[in-house]
Structure formats: C-alpha cells, structure tokens
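Below is one structure, written out as structure tokens, with a few remarks after it.
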Amino acid sequence: MITSDVDLGRVCSALLSARKSYCASKLAESQCAKKANIRSAINKKMESFKVNKDHTIRSMLECPFHKVVLNHLVVNDELILELDLVRSKMDVIIKGWTRKR
C-alpha cells in the first residue's frame, strides 16, 4: 500500500519507465518484422526471376504506364515556368542519371 506522495511518485516513475522500455521494444520488434517482410519479398522476386525469367520480365513490362506532366521545375531555389526551359532542364537532369556506354 502506498503511504505517501513520495512513494506515489516513485511508483509512477517506475511505471512510466517500464512503459517507455516496453514501447521501445515493441517498436524495434515491428521494425525488424518490416525488414524481414521486405527481405522475404525481395527473395521471393529473385527466386521467381531465377525460375521463370520470361514471365517475370513480361509481367514487369505489362505494368501500366504512368504519365508524368511537369509544368514547372525548381532548381537551386529557382522556379522555372516556361515549358521549353522545363523540358530542356529535365533532359539535362535525366541524362545525368545514366552513364554513357
């Protein structure tokens, strides 16, 4: 039985500490589970590719095409609104993503 406010403070402090450590362990556990799920999905896709390369590549190519429309671009805190400049700047940026062969 709690006899004073000091004891009550200690009990509350201990309960809060236990709750924090419980929440931290649950968070770490859920993050590990997420990583394990991602790893298993990657391994499953790799196995599928090893077994049936033709089907895997065909299914990737048949995914719906998403069109992206850019009517403005921000580069180095500069706002570009002219469509021709946006296109030319995007060409330069996208060409920088790939290497020359």
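Can you count the Lys pairs in the chain whose Cα atoms are under 23 Å apart, with each pair 8 or more apart or on different chains?
Lysine pair count for the chain: 14.
Could you provide, to the nearest whole Å², the per residue accessible area of the chain with probe 1.4 Å?
Per residue, the chain has 97 Å² of solvent-accessible surface.
Percent relative contact order of segment 16-101, based on C-alpha pairs within less than 8 angstrom and at least six residues apart?
Answer for segment 16-101 is 11 percent.
Using a Gaussian network model on the chain with a 10 Å cutoff between Cα atoms, which of 60, 46, 90 fluctuates the most?
Of 60, 46, 90, the Gaussian network model singles out 90 as fluctuating most.
Stokes-Einstein at 25 °C, 0.890 mPa s, Kirkwood radius from Cα pairs: D for the chain in µm² s⁻¹?
The estimated diffusion coefficient comes to 119 µm²/s.
Taking all protein chains in place and a 1.4 Å probe, what share, in percent, of the accessible surface of segment 43-101 do carbon and sulfur account for?
That fraction is 58 percent.
The values are calculated or read from the model by the stated rules, or taken from the named source; none is laboratory data. These numbers come from a predicted model, not from an experiment. All accessible areas refer to the heavy atoms of the entire protein, side chains included, with ligands and DNA or RNA removed. Shrake-Rupley method; radii C 1.70, N 1.55, O 1.52, S 1.80 Å.
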